[in-house]
Amino acid sequence: MLNPHRLRVLQSVIATGSIQGAARSLHYSPATVSQHMNTLSQETGLTLFERSGRGLLPTQAGLSLAQGSTAALQGLDELDRLVESMRHGRSRHLVIASFTSAAKEWLPRVVATLRATEPELTVQISLNEPYAEKAGTAVDIDIRNESPLEPEEHFTGYLRQRLRDEDFAVVLPAGHDLAEADVVEVHQLADQMWVDPDIKDSPNSRMIHTACQAAGFVPQFAARLDDHNAALALVAAGLGVTVLPHLALRSLPPGTVLRPLRNPTVRRRIVAHVKQDRAADPLVAAALEILRAESAEPAE
């Protein structure tokens with residue numbers, strides 16, 4: 001088995017560009033760094049560096065080994081944190097997956113509140129869009145949205161916690177004819193150009209297309225992309241209208257107006273899936289309680 005410490009030294013040599021640079025960064029002598037690299041070369045049977053004038057250049061094998069070791073070293077770091085957590089009888093690491101708008105609007109308070117009581121806590125946050133079946137990464141809390149028109153999602157090893165239901169609204173360029181209306185009905189958007197904020201086959205996208213079908217039309221798109229903030233910018237530029245849930249509409253760009261969308265109402269369900277064997281952990285329970293409080297705040 002390769003020595004993780006030598007792999008870290010290899011990464012430092014490549015990152016700093018020299019044995020001397022790595023020695024300074026790691027507070028070792030150049031001789032110690034050289035010895036680690038010679039030993040690693042012998043262990044792997046690879047030529048990791050080649051002479052270039054007075055210096056050394058990493059070979060392709062050295063670069064590949066350094067790059068390939070990153071995930072393994074990160075995994076070892078996480079394992080060290082787990083051991084430290086168990087030694088102190090509490091977790092100092094929390095992993096959350098979320099869709100973009102929930103991460104932006106809810107998770108700052110979650111992280112700030114938890115770290116106020118656990119200053120050494122590390123919260124790892126990843127985006128889970130587009131959604132996929134749960135596999136691999138051990139996520140403590142997975143925040144997802146669902147269509148009420150589709151079967152509920154349940155995942156093995158996870159407890160399902162419903163957070164909220166919320167409506168979608170239409171965003172129009174300022175000065176648009178429909179901006180004068182108090183409420184916009186879906187059929188009124190039939191002859192409009194649309195900006196699609198969700199090019200992937202997500203629950204949001206399916207709900208919007210179903211509403212359009214119910215109103216008797218298929219949207220015509222001026223642009224399609226997978227970022228709702230960029231979609232709002234295109235609406236502000238007058239390129240079309242877009243439909244988004246209220247959580248994604250708390251920071252509208254200048255040049256846009258928001259109107260309720262009805263007939264049919266488009267509504268999504270937001271759910272937190274909590275890892276069953278972590279649900280009793282005080283950090284996970286506290287994070288979920290903060291999420292409940294955040295999601296209870298009015299969206300409109």
>> Among the residues of region 183-205, what is the count of those that are outside any strand (DSSP E or B) and in contact (Cβ under 8 Å) with a residue 60 or more places away in the chain?
In response: 8
>> Restricting to region 51-88, name every residue that is in contact with a Ser or Thr (Cβ under 8 Å, 6 or more places away or on another chain) and modelled with pLDDT of 90 or more.
In response: Thr59, Ala61, Gly62, Leu65
> Can you name the number of the only condition in (1) assigned to a loop (DSSP other than H, G, I, E, B); (2) surrounded by 16 or more Cβ atoms within 10 Å (Cβ to Cβ); (3) among the polar types (S, T, N, Q) that Ser251 fails?
Replying inline: (2)
>> From the list Leu258, Leu189, Leu232, exactly one residue is aliphatic (A, V, I, L, M), under 24 Å from Glu105 (Cβ atoms), modelled with pLDDT of 95 or more and surrounded by 20 or more Cβ atoms within 10 Å (Cβ to Cβ). Which is it?
In response: Leu232
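The values are calculated or read from the model by the stated rules, or taken from the named source; none is laboratory data. The shown structure was predicted, so the numbers you read here are calculated from the model rather than taken from an experiment. All Cβ positions, glycine included, derive from the backbone under ideal geometry; neighbour counts span all protein chains shown.
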